[in-house]
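Asker: Below: one structure in structure tokens.
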Amino acid sequence: MTPKIGTDFRKGSCANQECHSVLLRVQEDARRCGEQRILHLLAQGGRIEIEKNESRKIASVQCLTRDGWRYPGFDLELFRKLRRKKAVSSTDGGPYRITRRGLQLVRAELDNR
């Protein structure tokens with residue numbers, strides 16, 4: 001479908017509704033792919049380190065591979081999603097590691113080394 005001249009493409013427009021839903025699906029697929037990548041890194045021995053602020057709330061998170069490299073596509077929203085699914089947990093105040101539930105959630109992925 002080609003847009004006509006003068007078509008309104010703002011977020012609430014009916015003409016843009018289909019395009020907006022496609023964009024949301026693409027973003028959700030990207031998040032799911034990112035989630036799987038993080039679970040895969042954790043399954044290989046990676047960890048999630050958190051930093052807390054003065055009020056003891058989580059201020060920032062970072063995912064580190066087993067070699068110590070920082071994974072750039074990891075944010076607080078994805079961390080909360082993994083914790084909500086009980087895919088990661090922390091013991092004795094240490095870094096977050098993958099759980100048995102997380103190992104069940106991860107799909108197989110080729111390791112191209």
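Asker: Can you name the residue in the range 60-83 that is over 12 Å from Glu35 (Cβ atoms) and of a type in the set (Gly, Ala, Ser) and, of all such residues, is surrounded by the fewest Cβ atoms within 10 Å (Cβ to Cβ)?
Answerer: Gly68
Asker: A further question on this structure: Against the condition on the phi > 0 side of the Ramachandran plot and either more than 14 Å from the chain's Cα centre (by Cα) or charged (D, E, K, R) (or both), how does Gly46 come out, does it pass?
Answerer: no
Asker: Identify, from the list Arg80, Arg101, the residue that is in contact with a Lys or Arg (Cβ under 6 Å, 6 or more places away or on another chain), basic (Lys, Arg) and modelled with pLDDT of 90 or more.
Answerer: Arg101
Asker: Does the range 20-34 contain any residue that is at pLDDT below 60, outside any strand (DSSP E or B), acidic (Asp, Glu) and out of contact with any helix residue (DSSP H, G or I) (no Cβ under 7 Å at 6 or more places or on another chain)?
Answerer: Yes, the range 20-34 has at least one match.
Asker: Taking only pairs six or more apart or across chains, which ones have beta-carbon atoms under 7 Å, a first residue in the range 71-85 that is closer than 13 Å to Glu49 by Cα, and a second residue that is in a loop (DSSP other than H, G, I, E, B)?
Answerer: Between residues of the range 71-85 that are closer than 13 Å to Glu49 by Cα and residues that are in a loop (DSSP other than H, G, I, E, B), the close pairs are Tyr71/Thr65.
Asker: Of all residues in the range 84-93, count the ones that are assigned to a loop (DSSP other than H, G, I, E, B), surrounded by 10 or more Cβ atoms within 10 Å (Cβ to Cβ) and not polar (S, T, N, Q).
Answerer: 3
Asker: Restricting to the range 36-59, and then to whatever is in a strand (DSSP E or B) and not basic (Lys, Arg), can you tell me which residue is surrounded by the fewest Cβ atoms within 10 Å (Cβ to Cβ)?
Answerer: By that ranking, first place goes to Glu51.
The values are calculated or read from the model by the stated rules, or taken from the named source; none is laboratory data. Just so it is clear, the model here is predicted, and its values are computed rather than measured. All Cβ positions, even for glycine, are placed from backbone atoms using ideal geometry, and neighbour counts span all protein chains on display.
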